[in-house]
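Report on one structure; see the data block that follows.
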Amino acid sequence: MYIFILLIFFLKISINIAFPSSENLFNNSNSYGLEIESEYKFGGFDFNGDGIQDFITSHYSTKKTYVFFGDIYIYGDQRPLKVSMIDGINGFSIDINQSDLRNFFICGDLNNDGYDEIIFRMENCQLKIIYGHAGPFKNDFSTFDGNDGFVIDYVNSPLHPWASYQVLCDHNGDGINDLIFNTVDDVYVLYGLNRKKFPTDSGKFDINFVSNGTFGHIMQMKNTINFGCGDLNNDGIDDLVILSNKIGSVNFGLKSFPTQYNPVLNGTNGFTIDIMAYFHEYINQSGFGDFNGDGLIDMAVIGTDLKSIYMIYGKKGGIWESHFDINSGNSSEVVKWVRDISSPQEFCDSMYVGDINGDGLSDISCNVFSKYTWGVYGSTMKLPAVYDLNIKTSPLFGDCRGFILLQTAVTFSAWTDFNYDGIPDLIIQFTNLKSFILFGEKTKISASLNIINSSIGYNSNGEYHFLDSNFNPISSGNCNVQFITFKVLDSIDASDLLSFSSSNSTSSDVVSISNGELQVFNTNRDPNFLQSLSNVLFKTNRDSSIVTVSITYLNIINDTIKIFISHPTINTTSTNPATVTTTTSTPPITATASTGTTTTGTPPITATASTGTPPITATASTGTTTTGTPPITTTAITSTVTTGTTTTRTPPITTTTSTSTATTRTTTTSTVTSTHVQQNNTVNNDCICIRGQICLPNSHICVNQFDVYQGESCFQLSCALGYDCIEQSNQIYKCVKKDSCITCADITCKSPHHCILALTTSQKCKYQPTCSN
C-alpha cells in the first residue's frame, strides 16, 4: 500500500526545473549518467582555477576518492561517467578511503590564491587539506607534505558527535575564508592566509598557532556538533552558527577578536536560539542566502527533530534580542516551515542553500533519508508564520516554484554546474543505486489576464460571469500557472458565492475556502488553463455598494474587478439660483431670444441664444432635466454672455429664455438652476487598500498593518486601488496609476545601459520605457 501511494504521488507532482519525473525520461539533453554508488559527494568548487565548477566523490569499490573537473566536453560524451576515466587531465584520484572519512568534504579558497582547497575530516579527527592549483595533477594524491597539502593534527577524540565538524567562511572580515573546526572542548577559528601556505612541521600544522592568537582565536565551548556561516546581520562579515547538545547560538563576526573569545551574547554581538544540533555530524543543519529578495542575507536552520525549518530573516543595523524567539509568530522576522501542520513529518535531514533555478534568489534543497529529495525556490511573496509544504498550493506541487524527487537514496545529493550553463545541476542517487547528474534549468514564466473592463455593471439577477468575454489571457515560458485565487476583498455577505465549473477541454480542481474565496487548480498543467477561467461566477442577493474581487497568482497575476451590485438610483438636488447681471450703456437695442422647453432621457442638450448687434442683453436659462440612465454626476451650469456667438451648454439642460428691452441702460437678470445626479459610496482618495492593510503614500504599496516593510518595490505586494505593479527597469517594480503611461523619467538604468522607448501592442500606452541591452 505504501509503495502504491508513493507511485501515485510521484506521477502527480512531476518535476519542474527540467528534472524528468522518472528514469524513463532521462536522456542526453537533460542528464548525465554517473557510475558511483552510496558515496560522499560535494560540488560547486573550482580546484584547478579554470572558472568551471568541479565535483568530488568517494568510491567504495576502489577505496579512493576522485575529483572530476567540470568541463563536460573533456569526457568526449562518454556515458556514464566512470572513475576509470580519470587520467590526471580531466581530474585526479586521492588515496583516501571512504571508510576513513568522518564527515563530508568541504571546499573553498583558504589562502586567497584563486584556487579552492579540498578539506577532509578523518575518522581519527585529523583535518587533511589539499591545496588547489592549476596542474599538472598526479593520480593517487597522498603527499600531505606542507607543499601540496597539510594536516591539522590533535589528540584523537572518542567516537561521539563532538569534534566532528568544520566550515569555511570569512568570520573576521578580511576578505579571506577562515577554517572553523571543533575539538571536544573548544571551537577553533583558523584565519585564512593571503597567497601563502600555512607553516608546517613535516606537513603538520600545530593548532597551538590558533590558540595562542598567531593564526586565529578559540572559543571555549564544549560539546559543539554543527556549524554554519553567513552574514545574518548584513554588516559585511560572516556570522557563526554553533549548535550543540544544548541551546544554539549565532555569533556575529568581528574585524578583530581576542585570542580567547567567550562572549555573553546580548543582541549586539549575537543571540541564542532554542535549536539543538541533530546527532548526525555529517548533515548540513543551516544555510544562508537571500530567500525573499530584499537584498539581505537570511538564515535557515533545521529543527532538532528534522520536522521543521526556521527561516530567520536578516536585517541591517539595529539590535537583535539576546534570545531570538523562533516561535514568536511574527512572520516579518521568522517563518516556520513544516510538512503537514496537523501531523508534522520528517522532511529535511540535510540542507543545501543556493540559487538552483537561476532567478537571483536563494533556494533550499533537502534530502530525506531513503525517501525523497525536494527543493523550494526563493520568492518575494510574504509567507505566513507557519508555512505548510503539504497543502495544495505548496511549491512542491507547482511548476517553477520547487521540485520533488522520490525514491532517492540515503546518501546526500550535491550541486555543481557540470554543463557550464550558469545553472547548478543536481548529483543524485536513487534507491536502485543508479546515479545521475540532472541538468538544472532557469525557470521562466510570464502570464497576464489582459482584462478588458475592470468594472462590471449591475445585473438584476445577481449573477456575474465577470471574466466571460472580458479578458484575453496569455502565458509563456517553460512553466505553467499552478492555480488562481479569487477573493472578495470587501465585507462578505451570507448570500455571496464564488463558484467555478470546469470546461470540457480543461481539467481543474476547485477548492472553496469560503463563500468569498475560491482557488482553481491547473490539475494537468494545461498551458491553456487561463482560458478556462471565464467559467468563474459571482452570485449575490445583496443590493448595495460595490464588490471588489481580486484575481491573483503569486506575484505574476494581480488583478481586481469591481462589480456594481446596487440597483442604479438617481438623487436629484437643486442648487441655489445663480444670478448673472449684464449692464450696457449703449443706445436702446432689443435682443430677442427663443424660448424652449425640453425633456430628455439622454444627453446632450444644447441651449442657444442669439443677439443682433452689440450692446448685449443678458440671456439666461433655467434648466430642468428628467433622466432614466444610470448615475451621472454633473456640475452646475453658469450662464455665458457673448457678442455675436453661440453658447453651448453641457448636458443635461432644459432652457427657457426671457427677453428684455432697455433704453439708455439695460439690465437683465437671469436665473440658472442645475441638476446633480450623485452616485453613492464615491471615495475620492489616491491611496486606498483592502481591509486590514495600510497604504504607503509615497509608493502606493499596500502592506499588512503590523508588518515592517523596507524599500519601495511592489514586487510580490499589492498596489493601491487604481494602481498597477509594473516593472520599470532592471527588475525594479513600482506602483503606477492605471490611467497613465510611464516614461524614461520614471525609470533608472544601471550604467552603461540607458533608457530607450520600445513600441508596445498596448492600446493605452504606445511606448514602454526600458533599459538598453
| field | Residue tally, condition touching a residue at least 60 places away in the same chain (Cβ under 8 Å), out of contact with any strand residue (DSSP E or B) (no Cβ under 6 Å at 6 or more places or on another chain) and among the small types (Gly, Ala, Ser), over the stretch 66-83 | value | 0
| task | Among the residues of the stretch 379-401, count how many are farther than 17 Å from Leu426 by Cβ, touching a residue at least 12 places away in the same chain (Cβ under 8 Å) and assigned to a loop (DSSP other than H, G, I, E, B). | result | 13
| task | Could you list all residues from the stretch 471-515 that are crowded, with 20+ Cβ neighbours inside 10 Å, assigned to a loop (DSSP other than H, G, I, E, B) and among the β-branched types (Val, Ile, Thr)? | result | Val481
| query | Yes or no: Ser331 free of Cβ contacts under 8 Å to residues at least 12 places away in the same chain and more than 20 Å from Ile106 (Cα to Cα)? | reply | no
| said: Of the residues Val241, Val184, Val210, only one is in contact (Cβ under 8 Å) with a residue 24 or more places away in the chain and either farther than 29 Å from Asp274 by Cα or in a loop (DSSP other than H, G, I, E, B) (or both); which? | reply: Val184
| query | If only one of Asp417, Asp425, Asp468 is modelled with pLDDT of 90 or more, surrounded by fewer than 23 Cβ atoms within 10 Å (Cβ to Cβ) and within 30 Å of Tyr372 (Cβ to Cβ), which one is it? | reply | Asp417
| remark: Per the list (1) within 29 Å of Arg121 (Cα to Cα); (2) open to solvent by 60 Å² or more (accessible area, probe 1.4 Å), residue check on Asp294 breaks on (1)
| said: Can you pull out every residue in the stretch 428-453 that is farther than 30 Å from Asp71 by Cα, open to solvent by less than 50 Å² (accessible area, probe 1.4 Å) and either among the acidic types (Asp, Glu) or assigned to a loop (DSSP other than H, G, I, E, B) (or both)? | reply: Leu449
| message | Test of understanding: among Lys246, Lys336, Lys315, Lys255, which residue is open to solvent by 10 Å² or more (accessible area, probe 1.4 Å) and touching a strand residue (DSSP E or B) at 6+ places or on another chain (Cβ under 6 Å)? | response | Lys336
| Val264 at pLDDT 95 or above and outside any loop (DSSP other than H, G, I, E, B) | no
| Residues located in the stretch 127-139, provided they are farther than 21 Å from Lys204 by Cβ and surrounded by fewer than 19 Cβ atoms within 10 Å (Cβ to Cβ) | Ala134, Gly135, Pro136, Lys138, Asn139
| Any pair with Cβ under 6 angstrom, 6 or more apart, that starts in the stretch 84-96 at a residue that is under 27 Å from Val151 (Cβ atoms) and ends at one that is among the β-branched types (Val, Ile, Thr) | Gly91/Val67; Phe92/Val67; Ser93/Ile86; Ile94/Thr65; Ile96/Thr65
| query | Does Gly114 satisfy the condition of being at pLDDT 95 or above, open to solvent by 10 Å² or more (accessible area, probe 1.4 Å) and either outside any loop (DSSP other than H, G, I, E, B) or under 23 Å from Ser211 (Cα atoms) (or both)? | reply | no
| request: Would you mind telling me which numbered condition in (1) open to solvent by 10 Å² or more (accessible area, probe 1.4 Å); (2) at pLDDT 95 or above Val184 fails? | output: (2)
| field | Ser534 being small (Gly, Ala, Ser) and at pLDDT 95 or above | value | no
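Table: residues versus (1) open to solvent by 70 Å² or more (accessible area, probe 1.4 Å); (2) modelled with pLDDT of 65 or more; (3) outside the structural domain of Gly314 (by the TED database); (4) more than 20 Å from Ile688 (Cβ to Cβ).
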| site | (1), (2), (3), (4) |
| --- | --- |
| Gln710 | yes, no, yes, yes |
| Leu717 | no, yes, yes, no |
| Gly722 | no, yes, yes, no |
| Ser729 | no, no, yes, yes |
| Tyr733 | no, yes, yes, no |
| Lys750 | yes, yes, yes, yes |
| Thr760 | no, yes, yes, yes |
| Lys766 | yes, no, yes, yes |
| Which condition does Val410 not pass, out of (1) under 28 Å from Ile556 (Cβ atoms); (2) loosely packed, with under 14 Cβ neighbours inside 10 Å, if it passes all the others? | (1)
| Among the residues of the stretch 297-312, which ones are buried (at least 19 other Cβ atoms within 10 Å of the Cβ) and of a type in the set (D, E, K, R)? | Asp298
| Just checking, which of Ile275, Ile283 is in a loop (DSSP other than H, G, I, E, B), modelled with pLDDT of 95 or more and closer than 19 Å to Ile225 by Cα? | Ile275
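The values are calculated or read from the model by the stated rules, or taken from the named source; none is laboratory data. In this text the structure is predicted, and so the values were computed from the model without any measurement. A quick note on method: Cβ atoms are made from the backbone with ideal geometry, for glycine too, and the neighbour counts reach across all protein chains shown. These accessible areas exclude ligands, DNA and RNA; they are computed on the full protein's heavy atoms, side chains included. Shrake-Rupley method; radii C 1.70, N 1.55, O 1.52, S 1.80 Å.
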